[in-house]
Amino acid sequence: MTAKKTTKSAPAPKKAATPKKPKASKNAAPPAEEPTKTPEATTPTTSADTKPAKTKKVRSAKPKKMSALDAAAKVLAEAGEPMNTKTLIEAMATKGYWTSPGGKTPHATLYAAILREIGTKKTDARFRKTSKGHFSATKGA
């Protein structure tokens, strides 16, 4: 039988300890204060030294973009008859109220948004479901 030789590896070097700050004892005298400057010792500031006050930029009066729900309510109020969401999307685009930002199914998104408004606002909603897939504007809208 042969005995295996085991070698001991060198121990890893220890990290250098960071010096700790000595704790102040209860009876120790407070540290000496620095002499304060008198107003005569300071130099007066000139207008060139100070920064000018920032002014707010005035935004141009751009009309706010209309949302799809707002545009649908406007189209339905103008039409006076129930419409489905596909024809609503087409009418909103032709009148220039709202255009899809490139989505594949804006009519489905509008349908869901109208149903969500009807569900949350109940009688205060701007829309009323007349039949399957068709909505009309409420009389108050």
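Of everything in segment 102-136 that's in contact with a Leu (Cβ under 8 Å, 6 or more places away or on another chain), of a type in the set (A, V, I, L, M, F, W, C) and not in a helix (DSSP H, G or I), which residue is farthest from Ala79 (Cα to Cα)? Restricting to residues being in contact with a Leu (Cβ under 8 Å, 6 or more places away or on another chain), of a type in the set (A, V, I, L, M, F, W, C) and not in a helix (DSSP H, G or I), the top hit is Phe127.
The residue that is nearest to the chain's Cα centre (by Cα), counting only those in segment 109-133 that are closer than 12 Å to Ala68 by Cα and of a type outside the set (S, T, N, Q), is Ala113. Kindly indicate whether Ala71 is among the hydrophobic types (A, V, I, L, M, F, W, C) and touching a residue at least 60 places away in the same chain (Cβ under 8 Å). So Ala71 does not fit the description; no. Does Met92 satisfy the criteria of being closer than 28 Å to Thr130 by Cα, modelled with pLDDT under 95, of a type outside the set (Lys, Arg) and surrounded by 10 or more Cβ atoms within 10 Å (Cβ to Cβ)? The answer is no for Met92.
The values are calculated or read from the model by the stated rules, or taken from the named source; none is laboratory data. Computed from a predicted model, the values in this text were never measured in an experiment. Neighbour counts are summed over all protein chains in view; Cβ atoms, including those assigned to glycine, are modelled from backbone coordinates with ideal geometry.
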